[in-house]
Amino acid sequence: LILGQFKSPFSLEQNTGCAALHTIIRAKIVDELGAPQRDIGAMIYGNPVSFAEFWVAVMNGTGRGEADDNKNKHLIGRLVVQPFAPLRIGGSCRYGTSPSAVQGNTEESKHIRYSLETQIEYAGMLFQGEYIYGRDEGINLGGG
């Protein structure tokens with residue numbers, strides 16, 4: 001169990017440490033759809049069987065060092081399985097709401113994110129890929 005401020009358990013690349021990244025910076029899609037990367041909350045994690053790991057968190061959804069600004073929380077989950085030695089496959093999901101960006105609008109915006117990942121490490125080579133999908137509902141930026 002982790003309580004406090006920590007990295008969100010969403011996405012393979014987001015949970016790869018800076019020193020272990022294979023590029024100089026994280027992909028723009030990870031920065032935009034995986035945000036906030038760090039947040040305040042509670043998380044449980046583990047590997048109940050030798051071939052699977054899981055992470056489940058409840059977080060504010062407001063970001064690093066920011067106070068909670070709404071009544072709802074973000075729910076984040078990630079599961080990675082390794083059916084045989086060189087192959088790891090996994091997925092993440094995130095669901096939460098946040099206040100509207102438009103002053104005076106009381107409707108909250110829904111944020112839904114999904115991530116699928118795969119990683120194969122064989123004969124000194126690493127192949128990995130990740131797909132991230134995001135949808136925001138209820139965002140009203142005004143205008144016509």
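The values are calculated or read from the model by the stated rules, or taken from the named source; none is laboratory data. Because the structure is predicted, anything quoted here is derived from the model rather than measured. Heads up, the Cβs are rebuilt from the backbone with ideal geometry, glycines too, and the neighbour counts pull from every protein chain shown. Calculation scope for accessible area: heavy atoms of the full protein, side chains included, ligands and nucleic acids excluded. Shrake-Rupley method; radii C 1.70, N 1.55, O 1.52, S 1.80 Å.
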Would you please name the residue that is nearest to Gln119 (Cα to Cα), looking only at residues in segment 9-49 that are out of contact with any Asp or Glu (no Cβ under 8 Å at 6 or more places or on another chain) and hydroxyl-bearing (Ser, Thr, Tyr)? Thr16
Quick one: count up the residues across segment 56-92 that are touching a residue at least 40 places away in the same chain (Cβ under 8 Å) and open to solvent by 40 Å² or more (accessible area, probe 1.4 Å). 3
What do you reckon, is Ser109 under 20 Å from Gly61 (Cβ atoms), surrounded by 15 or more Cβ atoms within 10 Å (Cβ to Cβ), touching a His at 6+ places or on another chain (Cβ under 7 Å) and at pLDDT below 95? no
All but one of (1) outside any loop (DSSP other than H, G, I, E, B); (2) open to solvent by 60 Å² or more (accessible area, probe 1.4 Å) hold for Ser98, so report the exception by its number. (2)
Is it the case that segment 120-130 has a residue that's modelled with pLDDT under 85 and β-branched (Val, Ile, Thr)? no
Does Ile44 fit the bill of being closer than 17 Å to Ile132 by Cα, in contact (Cβ under 8 Å) with a residue 12 or more places away in the chain and either touching a Cys at 6+ places or on another chain (Cβ under 7 Å) or open to solvent by 80 Å² or more (accessible area, probe 1.4 Å) (or both)? no
Residue that is nearest to Gly77 (Cα to Cα), among those in segment 9-40 that are over 13 Å from the mean Cα position of the chain (by Cα) and open to solvent by less than 80 Å² (accessible area, probe 1.4 Å): Ile40
Single residue of Glu137, Glu130, Glu108 found to be over 24 Å from Ile2 (Cα atoms) and under 13 Å from the mean Cα position of the chain (by Cα): Glu130
